[in-house]
Amino acid sequence: IININENNAFFYTLISQDTDEMNHLPKRQSFLIDQGYTYAMLTHTQIITNENQLYLSTDEEQQELLGQILKTPNDDETLPTLTILDLYDNKIGHIRTQHLVDGLRNNMTLTELDLARNQIGDVGAQHMADGLQNNTTLIALRLRENQIGDIGAQHIANALRNNTTLTTLDLDGNQIGAVGAQYIADGLRNNTTLTRLDLYGNNIGAVGAQHMADGLQNNTTLIALRLRENQIGDVGAQHIANALRNNTTLTILNLDGNQIGAVGAQHIADGLRNNTTLTTLDLGSNKMEVVGAQHISDVLRTNTVINILFLTYFIYPSVLFHTDTYHIRSQRESNWGCWGTAHSRCVTKQ
């Protein structure tokens, strides 16, 4: 993994397979591309430690070059191909995002792209969505903390309808809201490949939770959904619980920090009574207190599939320990542990 901030020599150093004479030549885009040193540059410099991963912190010229690199075919089978690209926190913006997307259109090797914290906004999200329409290799896309609103979410959702390779989408820390959640949920209805969706901190609220729940009703591939800190409250918890009654694929659900009280915990418990697939549930940092914990505990009498449960804040360990382990079947009791004072967690022991 290469960090250009720490080693700018990367873009000024070339070592060919046969000779060291190209070392320290000034970078020229036309030279690198036309002379066939594109992939040599990426894979044969001495500072590279992992030959199929690239971490760049670049200026605009370097990003334009990167776009060309992505769309330049690697015809030399002796050279490793770039599969993972990490551009985390580079202030790329929407214009330079377009350069990258242009490279992705014909790229047949990149499988993971991290553009987190790059201020791409809705316009950049549109560029990424356009790139996803034709790309058939990217399986993981991380767009967290990019100032993406509901319009950007709409573009991404449109891409989800047709994309058949993306399995992981990270939109944590954006601003999609309830409207954006509806777009994403609509995109999920016809999507058959996405397995993990992260929407932490998007302020979708109870209405957004309802949209997501509606999307889960018809989706048959999503296995992990992260809705942490979205202010869904008890009403939103009820919508999610309704989806859990019929959903048969979701195995991981994170509802941490959502202002869910005892009433919401009751709804979740009701949804779990008929659910046979969810194995991990995070209800940490909510407001359910002992009464809410009791509701969750009660359903564990009959639910035998949940293996990992997080409950935090306002629950005294002695009460939680007694409540949970008392009701869990004897063969499962040894797998649970609780610790803490003001906050308690019950998780499976490693």
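Computed from the coordinates by the stated procedures, all read-outs in this text should not be read as laboratory data. Because the structure is predicted, anything quoted here is derived from the model rather than measured. Backbone-built Cβ (ideal geometry, glycine too); neighbour counts: all protein chains shown.
What the table shows:
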{"item": "Cα-projected label distance for Arg189 with Arg273, points at 7 Å along beta-carbon direction, nm", "result": "3.0"}
{"item": "³J(HN,Hα) computed for each position of region 258-266 - Karplus, 6.51 cos²θ - 1.76 cosθ + 1.60, integer Hz, glycine/proline x", "result": "10, 6, 7, x, 4, 5, x, 4, 4"}
{"item": "Cβ-based exposure ranking for Ile232, Ile268, in which fewest neighbours within 10 Å come first", "result": "Ile268, Ile232"}
{"item": "J(HN,Hα) series, region 154-159, from Karplus relation 6.51 cos²θ - 1.76 cosθ + 1.60, nearest Hz, glycine and proline x", "result": "4, 4, 4, 4, 4, 5"}
